[in-house]
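J.: Here it is: the structure, laid out below.
Just so you know, all these numbers are worked out from the coordinates, no wet-lab data involved. A quick note: this is a predicted structure, and the numbers were derived from the prediction, not measured. Heads up, the Cβs are rebuilt from the backbone with ideal geometry, glycines too, and the neighbour counts pull from every protein chain shown.
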Amino acid sequence: MWKTTAMLILIIVCPVAFGQGVVFVSGSASFGYIATSGNTDSNSSNVALGLLYEYRIWDFEFDLSAIGASMEDETTAEAYSSSLKTKRDFNEENYFFGVLDWNKDRFSGYEQQISESFGYGRQLVNGERHLLNVEFGAGARQANLRGGVSRDEGILRGSADYKWIISQMSEFTQDLIVENGSKNTYVESVSALKARVFDDISLVISFTVKSNSDVPRGSKKTDTFSAVSLEYDF
């Protein structure tokens, strides 16, 4: 498992590590926190970081997020995810991609899931207000289930990224990932509404769904996360 992961990391980062002229394009960092007290004491927090670099015909994207919640001093949600992705453009609409995903959800029944995928992507819509990218690929997934059970399998991966620019001050995004294996199908959906409140600072309301078709006994197949956060674009 770790040899495969290490090889993919090297493939992704080598063009940056050995090349010249790497350009930082954009980044974002967000944080949200909600606390209540009185009859019920609860709190929830979420953090996220996104970075985008370019090197000639290559794009490099890094995303990291964490979500946590507790009620009456008992943890009710705890999830982490990260993604490292490279894209090589063939022309304005078509590209090749490689992606490494890591997910850890304390209450999903899976200690962690790591997947490596390669494939083809296409920009289907590139208008002034609407943008849509779709990707199809294949790869492998390594999962550690609760109880020390390990599961390795090949996967087919499909994804779609949609953005609707509502106005100069607001936008809506919908991201969808599906990883289909012979033993488990993992689906992740993130819907977000973003409104600028001051210069590079925006208010973001998001709803995340993570689902596994096969989970250990006693675990639910689907987890949902609602978040309100402030995002800084740089």
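J.: In units of 2.2 N^0.38 Å, what is the alpha-carbon radius of gyration of the stretch 103-198?
T.: With N residues counted in the stretch 103-198, Rg over 2.2 N^0.38 Å equals 1.34.
J.: Could you give me the ³J(HN,Hα) list for the stretch 47-64, computed from phi with Karplus coefficients 6.51, -1.76, 1.60 and θ = phi - 60°, whole Hz, x at Gly and Pro?
T.: In residue order, the calculated couplings are 9, 8, 9, x, 9, 9, 10, 10, 9, 6, 9, 10, 10, 10, 10, 10, 10, 9 Hz.
J.: Within straight cross-link reach of residue 194, meaning Cα distance under 28 Å, which lysines are found once same-chain residues fewer than 8 apart are removed?
T.: Residue 194 reaches 85, 87, 104, 163, 210.
J.: Please compute the net charge surrounding residue 25, taking Lys and Arg as +1 and Asp and Glu as -1 over other residues with Cβ under 9 Å from its Cβ.
T.: Result for the local shell: -2.
J.: Another question, if that's okay. With the Cα gyration tensor of the chain in hand, convert its eigenvalues to equivalent ellipsoid semi-axes via √(5λ) and list them largest first in whole Å.
T.: 28, 26, 16
J.: Next up: Largest first and in whole Å, what are the equivalent-ellipsoid semi-axes of the stretch 143-208 based on the Cα gyration tensor, each being the root of 5 times an eigenvalue?
T.: 35, 14, 7
J.: Work out how far the C-alpha atoms of the stretch 176-234 reach from end to end along every principal axis, then list the three figures in whole Å, largest first.
T.: That gives 47, 22, 15 Å along the principal axes, largest extent first.
J.: Same structure again: Please report the spacing between the Cα centers of the stretch 79-127 and the stretch 153-180 in Å, no decimals.
T.: After rounding, the separation between the Cα centres reads 11 Å.
J.: On to the next question. Counting other beta carbons within 10 Å of each Cβ, put 93, 72, 111 in order, fewest first.
T.: With the sparsest Cβ surroundings first, the list reads 72, 93, 111.
J.: Rounded to the nearest 500, what is the chain's calculated 222 nm mean residue ellipticity when only DSSP H runs of at least 4 contribute -39500 (n - 2.57) each, over all residues?
T.: Calculated mean residue ellipticity at 222 nm is -2500 deg cm²/dmol.
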